[in-house]
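Remarks on the structure that follows.
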């Protein structure tokens, strides 16, 4: 089931089961604007409604959530995808991130967490904590490094555009450090870290912090812990 939600200030397309729509019912500023039963319809509706956020389920008949995510992101619109998954380290969540999703939440997330996730993704943030990102990529690093689909050389070319400081920030983010930890270890202010991180995203053409982390793994800048 694919629920389409429109939020005041944000247009949100939700690809999930009825339970999610019910969870969000009554939330100020959120109303359901459409539904679809499979990934292909999600892609079509995303193109028609141009939502800012897509809450994506993984297991659907026909076109699954991974392929639907890939198509929505490849369309080049403003839509960002937030995956809802059953397990924090589910391999499908990893595949979804590689397909271009901006993060993931557990289906068991509380209403306030889901609403906060929608708003965070809509504002351009990634709804995956730094430490959870590290755990995720550590768990599937071999898959990342062996299935780059040509991303390695492309990532390397874009990484060459980074300054020395921006390169340091990228590696720190890929290691799972928070902005506070990066500031402390590199002797910078948090506002300076955020500015550098923003430049990294812009130079790499990334939508949020998740994609640069994957690029860092693809390029071999960060390796999984032993």
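All of the numbers you see were taken from the coordinates with simple rules; none came from a lab. Since the model is a prediction, treat every value here as computed from it, not as a measurement. Backbone-built Cβ (ideal geometry, glycine too); neighbour counts: all protein chains shown.
Just a few scattered comments:
- Ascending count of other beta-carbon atoms within 10 Å, so fewest first, for 57, 208, 160: 160, 208, 57
- Sites residue 25 and residue 191, calculated FRET efficiency, Cβ-Cβ separation with R0 35 Å, nearest 0.05: 0.35
- Rounded FRET efficiency, nearest 0.05, which uses the C-beta distance separating residue 59 from residue 164 and R0 of 45 Å: 0.55
- Computed over the stretch 150-218: relative contact order in percent, which uses C-alpha pairs under 8 Å that are six or more apart: 44
- Multiplying the residue separation of residue 184 and residue 47 by 0.36 nm and removing their Cα-Cα distance gives an extension gain of 45.0 nm.
- For residue 86 and residue 112, the difference between the fully extended length at 0.36 nm per residue and the C-alpha to C-alpha distance is 7.6 nm.
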